[in-house]
Amino acid sequence: MELEPHSRVAIIGGGPAGSMTAYFLMDLARRIDLEIEVDLFEPRDFSLTGPPGCNMCGGVISESLVQKLAISGIHLPNDVLMDTIDAYTLHTDQSHVRIRAASEEMRIACIFRGGGPKGAETQKPLPWQAFDHYLLELARQHGINRIPKRVKKLDWDGDRPRVSWGEGEMRTYDLLVGAVGLNGSGMSMFEELNFGYRPPKYAKSYIAELYFGSREVEQRLGKSMHIFLLNIPRLKFLALTPKGPYATLVVLGDEIDKAMLEQIFRAPEMVGCLPPGWQIPVQTCQCQPRIHIGPPRHPFADRIVMVGDCSSSRLFKDGIGAAYKLAKACAYTAVVHGISKKAFQRYFAPACRELDYDNLLGRVMFFMDDHMRPFSSIQETLIECIRQEQNDPASPGKLSNAMWDTFSGSASYRTILANTASPRVIHHFLTTFFRRLLA
Ligand SMILES: Cc1cc2nc3c(=O)[nH]c(=O)nc-3n(C[C@H](O)[C@H](O)[C@H](O)COP(=O)(O)OP(=O)(O)OC[C@H]3O[C@@H](n4cnc5c(N)ncnc54)[C@H](O)[C@@H]3O)c2cc1C
């Protein structure tokens, strides 16, 4: 079962996973002189501001991913990479420490997935370009056919998948790629095809684009992403990222509600990052997207494969990097090895497994963080160890680097755990902990 000249491929969803799969399919097919037709279905116009043009995300990507994309021929232009961040500021309830990027290659970039926050249209022409718009246009320039429609139904036409959109509009394909993300009902269409697919586990999150104005953003946040390890019940992760005149707030936790947000904005370390007298705006650009927390079941079959968030991803970080990895593995398998279940099992599944196994280690790290959060002495020891590393030019900065990799997504959880669990780091942590205890 292989792609042949004039084979038809349907990709459902034009987020990063769908657009990158389309781009890699066309690129690889061209290299071996295989002419295929790729239809990509995506109803959103990513150049629009606010919810209609946005795929809801924190919008942070590591410099290492920017470089991997460039090696693959995806050169993100300057107006897509809005801001460069060269430090993380780690806040606990009582103090904070700044962690500098160990090198230029370790920096991170900020992007808007859509045209920008609701209300930004008043600044037209916008000084930035949407990341998702850029990727989709790139795929279009490589010869795909973009169909700006929402797919309504999937079924089988014999042994081939059939896609329906609009009134009586349907087409049969040789290969169907699911890149529908986690939000919306796209995944249930694939479940109903009865090839065994079960969607990944997900949790609710919260994102708000807070308008401070460029000067206040520079003064309050600088070129640093601010991570807050606050002891607020049900809160798992909280970050504030500078993005032009905006600060993007990302909250992960169980049952994020108004009371939790009020507690967040009252926390002294958070107040220090807000403009003086700042109040929670009544009509801010905010959303509650789903975030990937567990693997799917059976993400492929003969002539079908799932990529991006509706398949395997990385726990709480680097979702775009994971989408890139699966998009590449999917296109390589389909073009070089075929489109049978057997081919996907042999050449695509290892990429999924690598993400899934690494997430198990990530889960261990988040479990430990959850249980240590209430003990302020442990957190303050962590801050002091990092501060000592940052103030000592001779220090290899292992703990600082592990923190950097955790937040930026530049390394796997396995690498992060290996660095954190090194004898040097454990010794440093324990001696600092007991010295503080006896002081
Ligand atoms: C709070 C939060 C913060 C995050 N922060 C980051 C971050 O800083 N960095 C990072 O790398 N990742 C981050 N992520 C993860 C990242 O957003 C996802 O991993 C990434 O968007 C996955 O891309 P995708 O293409 O699989 O799915 P999506 O981006 O969700 O795209 C799916 C597309 O499919 C389309 N679609 C759906 N149904 C249909 C249909 N029936 N017909 C046609 N089209 C359809 C949708 O319109 C959409 O455009 C974050 C996620 C959350 C929730």
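Coordinate-derived values only; no laboratory data. This structure is a prediction, so every number in the text was calculated from the model and none was measured. Here the Cβ positions follow ideal geometry from the backbone for every residue, glycine too, while neighbour counts run over all protein chains shown.
Quick look at the numbers
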| item | result |
| --- | --- |
| Between the stretch 2-51 and the stretch 160-208, the Cα center-to-center distance that results, in Å | 15 Å |
| Whichever lysines have a C-alpha closer than 20 Å to that of K325, once near sequence neighbours (fewer than 8 apart) are set aside | K68, K201, K317, K341, K342 |
| Expected 222 nm ellipticity per residue - DSSP helices of 4 or more, -39500 (n - 2.57), all of the chain, to 500 | -11000 deg cm²/dmol |
| Calculated FRET efficiency for the pair D79/Q345, C-beta based, R₀ 35 Å, to 0.05 | 0.30 |
| Nearest-ten-degree value, helix 349-372 long axis tilted from longest Cα axis of the chain | 20 degrees |
| Unit charges on C-beta of K, R, D, E only; dipole of the stretch 373-438, Debye | 160 debye |
| Cleavage-rule hits (trypsin sites (Lys or Arg not before Pro)) in the stretch 345-416: DSSP loop, at most 12 neighbouring Cβ within 10 angstrom | none |
| Point-to-point label distance, E4-C287, nm (Cα→Cβ direction, 7 Å offset) | 4.1 nm |
| Computed label-point distance, nm, for sites D370 and K258 using a 7 Å Cα→Cβ extension | 2.8 nm |
| Alpha-carbon centroids, the stretch 375-391 and the stretch 52-95: separation in whole Å | 26 Å |
| Options P125, P393, L193, ranked by Cα towards positive dipole end of the chain, top entry (Cβ charges) | P393 |
| Additional length obtainable on full extension of the chain from K201 to N231, 0.36 nm per residue less Cα span | 8.2 nm |
| Calculated FRET value between L430 and Q123, using beta carbons and R₀ = 45 Å, to 0.05 | 0.30 |
| Relative contact order for the chain, counting Cα pairs under 8 Å that sit 6 or more residues apart, in percent | 19 percent |
| Cα long-axis angle, helix 131-141 against the chain (0 to 90 degrees, to the nearest 10) | 30 degrees |
| Rounded Å value of the spacing that divides the Cα centres of the stretch 245-288 and the stretch 303-320 | 28 Å |
| Gain upon complete extension [M170, D155; 0.36 nm per residue less C-alpha separation] | 4.4 nm |
| Modelled FRET efficiency - R0 41 Å, Q219 with T415, Cβ distances, 0.05 increments | 0.70 |
